[in-house]
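*Asks:* A single structure is presented below for examination.
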Ligand code: NAD
């Protein structure tokens, strides 16, 4: 049974019970509908209360039944809602904690709604590229009015029940701490005899300037989320609540919902939703692995990354010791940390008392002995193997046994770092992305000897730090940077062959990337890429790359930090302005290489950058560096600004069709620097077998 039935006096109470959030799966719907029928058949019952057990009224659809025939099986959610609405005895929704999606749609089908304060009320379907498909677009405007319903449906953001207490959505919002069931039963007794039964569908949406409101909403949605059809469809269906009779509006909602659920964008967003959930599961790490305790941390190096990493721990109330080599470097790091927090306070993102709490937990030191008791140490010193090995040797001597030793290296061999310690089982990579206190991605790099419980603890820690943890095996660049290198190489070749930075960036940004490769390089600092290329030139002299970026560094144009990189930046601004000298340098370099510059289409730019990611991603998958294609997608969605509505590079390749991707790869393999395009064997095989990366 996933809904319980009890009678309190003359009131039947049906309690949805499907942990964790009473998702309305088939069994729950069946039991709840049976409960309503039982109450109707019982002459002693005069009213019905529907509520939810545990931590929610209902979170909506049961995501475990997504993409399964159970989702649409009878009694469907529509049938459940119609049964409640059509009941000849009044039905009261007793709402608490979470009332979202189908849960809110159900309550809107009930005759009355009562709630505790603090309940989060939302129709979040838009976040999965959908619209509320069980009457939400027609009923919510009928109780909240056009504008508020539009905002909630188009953003998907929750609103607290007490903020809606004065609207017809709620008949009663009780005092904090009230006994919801007792209050709801008393309320039901009070309204049991009132006829006719009030129905949201019988209300109308009156707004004197409805069309103007809808037009503004359309313009805002198109500007804010180009590439996303769902917000516009939400606006169109909410608009139908004004212009159409209820039943016609419901039909329209159904039709647009079915259209969206087939859309690539919604499929991609749902893929990303599930990808995030599975990323935390590693095949050989049992779910019940005993975790190590993390109640204190140390960070080695107070540079840009060290400071951001320390803030992650502080934000999770974990005390941090930061170790530096000199007092000036330490002071500078602590001042940078303070400044970032001060900015957060100034923007209202952090309360002054929270600032004090965080600052009280951080402590700077120059003495290794002060990190000895940390449960986890994260090293963020210069990207140099010898420097990092020296740090780990020193840590091995002082840090207590059982502590986790992590390196934030972007590209170096984690096993070579672990090998200088007497405890390689305790060592792993924790690759934070810049700015580390903001970016969601945490690549967890599993060394050859990393213990299972260390890995499990790192995954749990990523959740505690509110990051998306993705596990990678050791290789140069792990998942994200190994792939981005192929992307950057293509970006460089494109400049030599005829493109300019602004064209490349614009094409990629139109595809949906948050930032094109040259704006990205200016943000990260062009010297960082140069250092990596210099190391590669020694290790992999066979790998060709464009020298254009090195010529740029030689011009002293290191990026935003120097006010000039691929673009010019005015003081205090981040807007890129193309620079004629840079463009001339690029054109001159082509001539020097003996290349005749040609017009390059935006399509070629996008294909060469994105398929370079896909081809390398296929190798990473085949080598087991990533354990599933969706992990690679998660890395790109959360760390590299890949457009969410395209689902990540591997999912995108699946939607294009692997034979078409392979054909393009083979085409480029026959061109200049064709060796960069040797098709990955996995891509060749899957394309031949008619399969996808996701499957
Ligand atoms: P940074 O140069 O800003 O900071 C490094 C700091 O480490 C300096 O303050 C230096 O004084 C300190 N340091 C050096 N040796 C030390 C030692 N033995 N003990 C204590 N402190 C020491 O560098 P960063 O950009 O913060 O990068 C740090 C690490 O993070 C590198 O491995 C880098 O590859 C990696 N990383 C950087 C980025 C990025 O975008 N910058 C992103 C991800 C990872």
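*Asks:* What do you get when you divide the Cα radius of gyration of the range 307-396 by 2.2 N^0.38 Å, with N the number of residues?
*Replies:* Cα Rg divided by the expected 2.2 N^0.38 Å: 1.15.
*Asks:* Still on this model: Which order, highest average first, do 631-637, 611-617, 685-691, 301-307 follow once you tally other Cβ atoms within 10 Å for each residue and take the mean per peptide?
*Replies:* The densest-packed peptide leads the list: 631-637, 611-617, 301-307, 685-691.
*Asks:* What FRET efficiency would be calculated for the residue pair residue 514, residue 356, taking the C-beta separation as r and a Förster radius of 25 Å, to the nearest 0.05?
*Replies:* Efficiency for this residue pair is about 0.15.
*Asks:* Would you calculate the separation in nanometres between label points at residue 327 and residue 419, each defined as 7 Å from the Cα along the Cα-to-beta-carbon direction?
*Replies:* 4.0
*Asks:* Related question: On a full-extension model of 0.36 nm per residue, what is the gain between residue 194 and residue 581, subtracting their alpha-carbon distance, rounded to one decimal in nm?
*Replies:* My answer for the length gained is 131.3 nm.
*Asks:* Still on this model: With a bin width of 5 angstrom, please list the P(r) values of the range 348-442 as percents of all Cα-Cα pairs, from the 0 bin to the one holding the largest distance.
*Replies:* Pair shares across the bins are 2, 12, 20, 20, 18, 13, 7, 5, 2, 0.
*Asks:* Something else now. Using only the C-alpha atoms of the range 569-671, find the volume of their convex hull and express it per residue in Å³.
*Replies:* 166
*Asks:* As I understand it, the value is the acute angle between the Cα axis of helix 629-639 and the longest principal axis of the Cα atoms of the chain; what does it come to in degrees, rounded to 10?
*Replies:* The answer is roughly 80 degrees.
*Asks:* Determine, at each q value in 0.16, 0.21 (inverse angstroms), the log₁₀ of I(q)/I(0) that the Debye formula gives when each Cα of the range 37-91 is one equal point scatterer.
*Replies:* Computed log10 I(q)/I(0) values: -0.65, -0.94.
*Asks:* If you average the alpha carbon positions of the range 86-155 and of the range 1-58, how far apart do those two centres end up, in angstrom?
*Replies:* Distance between centres, Cα-based: 18 Å.
*Asks:* Moving on. Based solely on its DSSP helices, what 222 nm [θ] is calculated for the chain when runs of n ≥ 4 H residues each add -39,500 (n - 2.57) and the sum is averaged over all residues, nearest 500 deg cm²/dmol?
*Replies:* Working: 27 runs with 332 residues, N = 695.
That calculation yields -15000 deg cm²/dmol at 222 nm.
*Asks:* Stick to Cα atoms and the Kirkwood definition of Rh, then tell me Rg/Rh for the range 12-128.
*Replies:* Over the Cα atoms of the range 12-128, Rg/Rh equals 0.95.
*Asks:* If N is the number of residues in the chain, what value comes out of its Cα radius of gyration divided by 2.2 N^0.38 Å?
*Replies:* On the way: Rg = 28.7 Å, N = 695, 2.2 N^0.38 = 26.4 Å.
It is 1.09.
*Asks:* Let me ask something else about it. In Å and from the alpha-carbon atoms only, list the Rg and Dmax of the range 408-549.
*Replies:* 17.2, 53
*Asks:* If you don't mind, another one. Compare the peptides 370-381, 277-288, 666-677 by average per-residue count of other Cβ atoms within 10 angstrom and give them in order, highest first.
*Replies:* My ranking of the peptides, most packed first, is 370-381, 666-677, 277-288.
*Asks:* Sticking with this structure for a sec: Roughly speaking, what is the centre-to-centre gap between the range 356-381 and the range 466-502 when only Cα atoms are used, to the nearest Å?
*Replies:* Distance between centres, Cα-based: 32 Å.
*Asks:* What are the semi-axes of the equivalent ellipsoid for the range 297-474, taken as the square roots of 5 times the Cα gyration tensor eigenvalues, largest first, in whole Å? Walk me through the numbers on the way to the answer.
*Replies:* On the way: eigenvalues 129, 65, 39 Å².
Whole-Å semi-axes of the equivalent ellipsoid: 25, 18, 14.
*Asks:* Over all directions, what mean area does the Cα convex hull of the range 81-145 project, stated in square nanometres?
*Replies:* 4.5
*Asks:* Using all alpha carbons of the range 3-260, what is the percent of pairwise distances in each 5 Å bin, ordered from the shortest bin to the longest?
*Replies:* 1, 7, 14, 19, 20, 17, 12, 7, 3, 1, 0, 0
*Asks:* Using alpha carbons only, how many angstrom separate the centre of the range 635-695 from the centre of the range 522-587?
*Replies:* Centre-to-centre distance over Cα atoms comes out at 27 Å.
*Asks:* Would you list the P(r) distribution for the range 374-488, with all Cα-Cα distances sorted into 5 Å bins from 0 and each bin expressed as a whole %?
*Replies:* Pairs per bin, as whole percents: 2, 13, 24, 26, 20, 11, 3, 1, 0.
*Asks:* Quick one: pull the percentage of alpha-carbon pairs in the range 378-417 with a separation above 11 Å.
*Replies:* Numbers: 481 of 780 pairs.
More than 11 Å apart: 62 percent of the Cα pairs in the range 378-417.
*Asks:* Mind ranking 291-297, 220-226 by how tightly packed they are, going by the mean number of other C-beta atoms within 10 angstrom, highest first?
*Replies:* Top of the packing list down: 291-297, 220-226.
*Asks:* Let me test this: with uniform point scatterers at the alpha carbons of the range 633-695, what is the Debye-based log₁₀ I(q)/I(0) at q = 0.19 1/Å?
*Replies:* -0.77
*Asks:* With only alpha-carbon atoms in the gyration tensor, what are the semi-axes of the equivalent ellipsoid for the range 481-689, in Å, largest first?
*Replies:* 28, 19, 16
Here, each number is a calculation from the coordinates, and none is a lab measurement. This one's a predicted model, so the numbers in the text were calculated from it and none came from an experiment. So basically every Cβ, Gly included, is an ideal-geometry build from the backbone, and we count neighbours across all protein chains shown.
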